[in-house]
1. With r as the distance between the Cβ atoms of residue 106 and residue 446 and R0 = 41 Å, compute the FRET efficiency 1/(1 + (r/R0)^6) and round to 0.05.
2. Quick check: the angle from helix 268-283's long axis to the longest principal axis of the chain, C-alpha only, nearest 10 degrees?
3. Given a cut-off of 16 Å, what percent of all Cα-Cα pairs of the range 411-465 lie beyond it?
4. Taking each pair of distinct Cα atoms in the chain once, what is the resulting Kirkwood hydrodynamic radius in Å?
5. Using Cα centres only, tell me the gap between the range 15-34 and the range 224-254 in whole Å.
6. Where does the range 1-149 land on the Kirkwood hydrodynamic radius, alpha-carbon pairs, in angstrom?
7. Relative to the longest principal Cα axis of the chain, at what angle does helix 421-435 sit, 0 to 90 degrees, rounded to 10?
8. Work out how much length residue 34 to residue 255 would gain on full extension: take 0.36 nm times their residue separation and subtract the Cα-Cα distance, in nm to one decimal.
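Computed from the coordinates by the stated procedures, all read-outs in this text should not be read as laboratory data. Keep in mind the model is a prediction, meaning the values are calculated, not measured. Cβ atoms come from the backbone with ideal geometry, glycine included; neighbour counts cover every protein chain shown.
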């Protein structure tokens, strides 16, 4: 079975969020199953991975968009270093930039990517069994395959759509139709939702099946999907929930090259303490105090707007008997508030930006990780934390419901029911009590490391969906 994963992100080539981690791991684990050949197709970016690896050109052609013609160059990574075939689509003038997002012509970029991929496959007579489309950026592919005569060779290829985050739907004005490959105008209703061109809605209408990245999140989408609730209910027979996994080769405290000290389940307690000592020394924190952390984008859906209040209230209410480390970036107002707090409190360390190596160090060093998310389709941070023996403190929502059970009911985390600073700080007070009970704390560290969130299980679920 030949599966092509189409995505804007893929770790370690280009990463902005969890989408990259999923796309960088799922095909790798699918390829461990006999008879499966999974690949990734993504845009070309001016990134270190691209500069440091060797690629061969496997296709060179042209597409037409509106009044312009664009060259489409498809490159294949030579060494299979990621455990799957990686194809990069370079379109000079559109897909030849530094980053996946943040450009004024994003809609045209994403359209060109989808058009370019299907043009390449058609021209080269490559007919996969499944086109797996990740998020709205590739949501028009199921429509184009079935309705654009240019791609008749691909007509009937099965398409799967994965909703990584339903908050983003790629809504466009109808003027963007000028950039589409030709199709019969009677099909335009498949592109419409509430008077706009909506790629995510189109994906749901046109794909053979779609999934959200956790069962809990799929349940929530039926009630709150930013206007797509009725569509989801109409298409419910195609809907599935499949929890993401984590790449246990990359996220392994025993072999992780980013850590100062490696450890496994047998020596987790001293191993974590050594890493904590090193991190606290770097940020001039007291290693004898519990260490709480937050890693992620400073965005409302992540509850990051609560962070300044959480940090301030927690430190003040515990009379400074804890440490906080925050790694992330995003909303400038949040960044500035946190910068002010880092100058006020000596036991609060802030590192702005995203540093992959530092995130690994923080997971290994922290006692607790907070996730006050308003929306969390799956969440990977809580899985990384548990893999490294860190206790997650999470808002009981989406994928966090599926992966973190409260310790009061036999789980290894702390849940709270409302996304707010007050509820998060209340959960932090619970964590402080646990931290001071060393026997309980050590038991939780060990039990967290026993959870299996590996991609083997999730890859099998995707394989079952493909076979259906």
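1. Values: r = 46 Å, r/R0 = 1.11.
Here the calculated transfer efficiency is 0.35.
2. The angle comes out at about 90 degrees.
3. Working: 885 of 1485 pairs.
Counting every Cα pair in the range 411-465, those more than 16 Å apart make up 60 percent.
4. Numbers: mean 1/r = 0.0431 Å⁻¹.
Kirkwood radius, the chain: 23.2 Å.
5. Centre-to-centre distance over Cα atoms comes out at 14 Å.
6. Working: mean 1/r = 0.0648 Å⁻¹.
With all distinct Cα pairs of the range 1-149 included, I get 15.4 Å.
7. Helix 421-435 and the main axis of the chain meet at about 50 degrees.
8. Numbers: separation 221, 0.36 × 221 = 79.56 nm, distance 2.69 nm.
Length gained between residue 34 and residue 255: 76.9 nm.
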